[in-house]
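Here, each number is a calculation from the coordinates, and none is a lab measurement. Keep in mind the model is a prediction, meaning the values are calculated, not measured. Positions of Cβ are backbone-derived with ideal geometry, glycine not excepted, and every protein chain shown enters the neighbour counts.
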Amino acid sequence: MNGDKLESNLHTFLRHIDSIKDTLPMVMVLMNPYQEKANKKFVDFIENNVEEIEIEDGEKTLTVKYEESRIFDTLSRNSEISTLASKIIPESLFVSLISQYDAFLNRLLENLFEIRPEYLNSSERNLSYSQLVEFKNIDKAREYIIEKEIETILRKSHTDHFEYIENKINIPLRKNLPVWKIFIEITERRNILVHNDGRVSNQYLTKCREKKCDLKDVKINDRLSVTPEYFNNAYACLYEIAVKLTHTIWRKLLKENLEDADRKLNDICFDLISSGQFALVDILLEFACNQKQHHNEALKNVFVVNQSLSQYLQGEKENAKNIIEKKDWSASSDDFKLAHLVLTEKFEESYELMIKIGDDGEIDKENYMTWPLFYKLRKEEEFKETFEKIFNEKYNVLEIPKKPLQEVIEEALEKNPEIKKKTINKADSDKNKEKVKESAE
C-alpha cells in the first residue's frame, strides 16, 4: 500500500483553503468602494436633508421631511448592509476554513482505517442481525462500521480527535507543537461565531484557558471578529496542522513508502518558497529536517538546502550560511555543491561549476530559469554570459504567471484609486515577494 490517498486528501485540503484565502482579499477589494459609497451617500443626505431639533429636557432628535423619509430609510439600510457585509464575509470565510479542515479529517480517518483495518477491532460498534443481512458482503458491512465510527469521532471535540489518533498510532502528536494553542482557539472561535454570533461564552473561555491560549483581555459576552491578520494566522495554522498530521501518519504506518513521503513534503515546501510564504515554509522545513528517518541522504539534503534557501531569500544570509555549512558537501552531487556555493555567495566558483555541469548534467536549463536558488544570481551579467556559454542561447527571463488574486487587486486599484491599500488584505506572500525582489537586486 502507498500514500497516494493520503497525499490526494492533503492536496485537496490545501487547494481548498488556498482558494478561500485568495477569495477574501478579492471580495474585500469590491466591498471597500461599495461600503464607502453607501456610507457617503447616507452621510451626504443627512447633512443636506436632516435637521436636528430640541425636544423635552434639552434632548435632541433628528427629523426628516415625510416625503424624504423613504429615501432616508433606503440609504440607511444600504449603509447598514454594506457595513454588515464587511463583517460577515470574513467571518463566513473563516468558518469555511474550519469546515474544510473537518472534511479533511473525515477523509484522513477513512485513509487511516483503510491502511490499518485492525484499528476497528476495538470499536464498540455493533450490528444487529437484521442490519447484517442487508449487506451484500462483509466489505459493505465494514464500510458501514467505518462510517459510523467516524461519525462518532467527529461529534467530539477537536482535542478528542487528536487523542483518538494518538492512541491509534501511538505517537504524541501535540508534543512540541506550539501552534496547538492557536488551533484550539480558532476552532473554539468558529463555534461561537456559528452558534453565538461571535459572543464569548463560558465554554470558549474554559476551553481556551485549559490550553493556555493567549486570550489577552477577552471577557464573557465580548464579541470577537475576524481581522485579515487573524484570518491569515488561522489559514497558516490549519495548513501546518494538516501537513504535519498527514505526514506523521504516512511515515509511521507506511514506512516502505518513505521516498514518496519525502518527495511530496518537499513539493509542498518548494511551492511555499516559490510563493513567498516563508514563515510557514520555515516551520514545515524544520519539521522535515527533524524527521528521524528519510528515504536516503539525497532527499534529506534537499530539505536542508531549501531550509537554507528560505532564510537566504528573506535576507537572513548569516542564518542561511549557518544552516548550509552544518554539512560537508564535498562528497555530494554537483547540484548540491552548486547550491552550497550560491547560498554562501561564492559566485565565481558557482559559474565554474555551472560550466562543469554543462547542458546535460543534474541541473537543466529550466532549473536555472525558475529555481528560486538563482533569484539573485540571475541578475548578474556573468550568470547570463555563463548560461549562454552552456546552452548556446541568450538567457531570457521566464515570466511566471501572476496569481489571479494579484491581477484582480491591481486592476481594482487602478480603476478605483480611492481604495486605500491598507484596507486590502493582500496575501503575506506579496510582502515576502518584495523581500525576494530586494535580495535579488
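Just order 211-217, 13-19, 299-305, 377-383 by mean Cβ neighbour count inside 10 Å, highest at the front, would you?
Result, highest mean first: 299-305, 13-19, 377-383, 211-217.
Ranked from highest to lowest mean number of other Cβ atoms within 10 Å per residue, what is the order of the peptides 96-109, 32-45? Display every interim value, and only then the final one.
Working: 96-109: 18.7, 32-45: 15.8.
My ranking of the peptides, most packed first, is 96-109, 32-45.
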State the three equivalent ellipsoid semi-axes of region 273-315, derived from the C-alpha gyration tensor as the square roots of 5 times its eigenvalues, in descending order and whole Å.
20, 10, 7
Report the residues of region 153-179 in range of a label on Asn106: point 7 Å along Cα→C-beta, backbone N strictly under 13 Å from it.
153-155
Which Cys in the chain stand alone, with every other cysteine's Cβ at 4.7 Å or more from theirs?
Cys237, Cys269, Cys289
How big is the shadow of the Cα convex hull of region 241-306, averaged over all directions, in nm²?
4.0 nm²
Relative contact order, percent, of the chain when contacts are C-alpha pairs under 8 Å separated by at least 6 residues?
18 percent
Using a cut-off of under 13 Å, list every residue of region 29-45 whose amide N is near the label point 7 Å from the Cα of Glu80 along the Cα-to-beta-carbon line.
none
Take peptides 355-361, 191-197, 318-324, 234-240 and line them up by average Cβ neighbours within 10 Å, highest first, as a rough protection proxy.
234-240, 318-324, 191-197, 355-361
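Can you put Leu313, Leu253 in order of Cβ neighbours within 10 angstrom, beginning with the fewest?
Leu253, Leu313
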At 222 nm, what value in deg cm²/dmol follows for the chain if DSSP H runs of at least 4 each add -39500 (n - 2.57) and the sum is divided by all its residues, to the nearest 500?
-22500 deg cm²/dmol
How high is the FRET efficiency from Lys175 to Asn367, r the C-beta distance, R0 35 Å, rounded to 0.05?
0.40
If I take all pairs of Cα atoms in the chain, what percentage of them are more than 27 Å from each other?
65 percent
Once the piece of chain linking Glu68 and Thr227 is laid out straight, how much longer is it, given 0.36 nm per residue of separation minus the C-alpha distance between them?
53.6 nm
Along Cα→Cβ, 7 Å out, is where each label goes; now give me the distance between the ones at Asp334 and Thr61 in nm to one decimal.
8.8 nm
Which pairs, out of Lys148/Lys207; Lys244/Lys337; Lys87/Lys175; Lys156/Lys212; Lys337/Lys389, put more than 24 Å between their alpha-carbon atoms?
Lys148/Lys207; Lys244/Lys337; Lys87/Lys175
With label points built 7 Å along Cα→Cβ from the Cα atoms of Arg116 and Glu382, find their separation and express it in nm.
5.5 nm
Backbone HN-Hα couplings from phi across region 163-178 [Karplus 6.51/-1.76/1.60, Hz, Gly and Pro as x]
4, 4, 5, 4, 5, 6, 9, 6, 9, x, 5, 8, 6, 6, 10, x
